[in-house]
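Below is one structure, written out as structure tokens; the observations come after it.
The values are calculated or read from the model by the stated rules, or taken from the named source; none is laboratory data. The shown structure was predicted, so the numbers you read here are calculated from the model rather than taken from an experiment. For neighbour counting, all protein chains shown are included, and Cβ atoms are generated from backbone atoms with ideal geometry for every residue, glycine included. Ligands, DNA and RNA are stripped out before the accessible areas are found, and what is left, the full protein with its side chains, is counted by its heavy atoms. Shrake-Rupley method; radii C 1.70, N 1.55, O 1.52, S 1.80 Å.
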Amino acid sequence: MNFKDLPLEAEMLTTLDSLGYTNATPIQAQTLPLILDGKDIIAEAKTGSGKTAAFGIGLLSKLDVKKFRVQSLVMCPTRELADQVAKELRRIARFKHNIKILMLTGGESFGRQLGSLSHQAHIIVGTPGRVLKHLNKESLELTNLQTLVLDEADRMLDMGFLEEVESVMAFTPKEKQTLLFSATYDNEVLAVSKRIQKDAVSVKTTQAEVANKIEEQFIATQNKEDSFVKILSERKPENVIVFTNTKIEAKELAENLQKRKIDAIAIHGDLEQYERNDVLVQFANKSCPILVATDVAARGLDIKELSMVVNYDIPHGTETYTHRIGRTARAGAEGVAITLYSAYEQEKADEYRSSERSFIEDAELKGSTNYELKPQFVTLVIEGGKKDKLRAGDLLGALTGDAGLKGSSIGKIDIYDRQAYVAIETKFIDNAHDALKRGKIKGKKFSVWIL
Ligand code: ADP
Ligand code: MG
């Protein structure tokens with residue numbers, strides 16, 4: 001679709017042309033007519049698909065330049081992303097004179113932002129924490145807001161920003177357009193949409209969800225541990241749940257893997273609730289790629305995007321088997337389910353033979369038994385949480401400000417009543433730890449340790 005087919009101003013078309021944007025990308029073609037029509041939308045499209053211009057062209061077209069009030073607010077999860085969005089909006093905003101776009105993100109001087117705000121702006125691009133701070137201090141007013149955009153909504157939820165986003169919403173007028181953009185789309189994003197949007201139209205340009213495809217493989221082996229390591233080295237899954245039939249086996253396997261420098265943690269019925277939580281947080285935030293679990297311990301565990309499930313033993317019954325392997329291949333992605341069995345389990349394994357399942361021998365595996373697996377992130381625990389009014393923005397602010405980390409080095413943030421967990425890219429963990437230990441968060445000292 002050509003931008004000329006849309007009801008856009010001539011100057012806008014010229015600007016887009018000068019940027020080399022002749023044809024709308026699919027997400028732009030599908031969302032722009034709706035956005036220009038004033039609809040709330042929830043849009044899912046891959047990274048790099050042109051989402052910024054999709055909402056950017058929309059909100060800039062509606063802007064009344066003569067009215068010096070904030071008419072649009074775009075919230076992004078990190079300063080870097082806000083910066084990218086502001087740059088793209090400024091490029092497109094060249095079509096009209098005097099459009100003022102202001103960035104309000106954490107880690108920058110609050111005083112300078114106060115100064116800029118006193119000169120008024122049309123569009124604010126910011127991170128939820130800092131925007132909220134300005135609203136609370138009454139240095140920002142959103143009573144004339146027409147369009148609210150949540151960019152990278154999935155990542156915003158991952159980083160624990162929901163509360164702040166909802167607090168910001170409370171400062172906006174009821175009648176407005178809310179646009180939600182995301183690279184992935186799951187129940188959490190959908191739930192937020194239901195809460196904050198009105199009859200949102202859903203637009204997806206990622207592949208339509210197909211039935212979950214799971215590759216099922218059975219491997220006959222005399223050494224399960226070696227076979228498992230070979231599988232890891234061959235397939236390099238991002239995260240794996242390994243099921244064992246007993247808790248003793250779960251503990252032993254996790255220990256043995258650790259000895260081989262493969263990062264694994266066991267979850268089983270003997271753990272205290274807080275220990276269980278520590279384990280689940282680490283697995284979900286990519287601080288530990290392998291979780292060894294018993295069926296009971298894995299109950300109620302909701303991990304998105306699990307790449308592989310391994311049955312370390314033939315499960316007791318096909319129902320358990322189906323339940324276990326159903327955890328992989330969520331949301332249309334292909335998953336892998338591997339079942340290891342020894343000579344003793346041959347008979348039970350034979351019951352699983354079918355045309356969809358492949359049966360091979362360990363000798364056919366291509367991987368190596370010399371394989372190490374380190375996590376992408378390490379978890380930092382802060383002994384403070386919701387009860388201390390700690391918010392994701394405060395943690396992010398301390399880490400990107402004092403510790404000098406980039407937003408991209410910070411993963412999932414989970415905030416509980418008395419504790420907060422932040423996933424930090426492994427190579428920056430010492431930096432982050434030292435800075436938080438020495439410095440303050442929200443003007444207070446907290447004890448901080450590495451999980
Ligand atoms: P997303 O937010 O979906 O990850 P961006 O909005 O950052 O993607 O856009 C990715 C790149 O595509 C940017 O460099 C942007 O300038 C470019 N782009 C956006 N729309 C168009 C278009 N219609 N034609 C050509 N390039 C475009
Ligand atoms: Mg984007």
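Observations on the structure shown:
- For Lys96, the requirement of being touching a His at 6+ places or on another chain (Cβ under 8 Å), basic (Lys, Arg) and more than 27 Å from Lys442 (Cα to Cα) is not met.
- Within segment 300-320, residues that are modelled with pLDDT of 85 or more and of a type in the set (Phe, Trp, Tyr) have Cβ atoms under 8 Å from residues that are in a loop (DSSP other than H, G, I, E, B) and open to solvent by less than 10 Å² (accessible area, probe 1.4 Å) in these pairs: Tyr312/Thr244, counting only partners at least 6 apart in sequence or on another chain.
- Test for Arg79: is it within 15 Å of ligand 2 (Cβ to nearest atom) and farther than 28 Å from Leu36 by Cβ: yes
- Test: residue in segment 364-373 that is at pLDDT below 95, farther than 30 Å from Asp414 by Cβ and of a type in the set (Asp, Glu): no
- Residue selected from segment 48-67 under the condition part of a helix (DSSP H, G or I) and open to solvent by 10 Å² or more (accessible area, probe 1.4 Å), by the criterion farthest from ligand 1 (Cβ to nearest atom): Lys62
- Failed criterion for His97 (all others in (1) modelled with pLDDT of 95 or more; (2) open to solvent by 40 Å² or more (accessible area, probe 1.4 Å); (3) not in a helix (DSSP H, G or I) hold): (1)
- Any hit, segment 68-87, residues being at pLDDT 95 or above, among the polar types (S, T, N, Q) and surrounded by 16 or more Cβ atoms within 10 Å (Cβ to Cβ): yes
Quick grid of which residues meet (1) open to solvent by 40 Å² or more (accessible area, probe 1.4 Å); (2) touching a Cys at 6+ places or on another chain (Cβ under 6 Å):
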{"position": "Gln258", "(1), (2)": "yes, no"}
{"position": "Ile265", "(1), (2)": "no, yes"}
{"position": "Arg276", "(1), (2)": "yes, no"}
{"position": "Ser287", "(1), (2)": "no, no"}
{"position": "Val296", "(1), (2)": "yes, no"}
{"position": "Met308", "(1), (2)": "no, no"}
{"position": "Asn311", "(1), (2)": "no, no"}
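- Within segment 18-47, restricting attention to residues that are surrounded by 15 or more Cβ atoms within 10 Å (Cβ to Cβ), of a type in the set (Gly, Ala, Ser) and within 23 Å of Arg94 (Cα to Cα), the residue that is farthest from ligand 1 (Cβ to nearest atom) is Ala29.
- Taking (1) in a loop (DSSP other than H, G, I, E, B); (2) within 14 Å of ligand 2 (Cβ to nearest atom) in turn, Gly107 satisfies each apart from (2).
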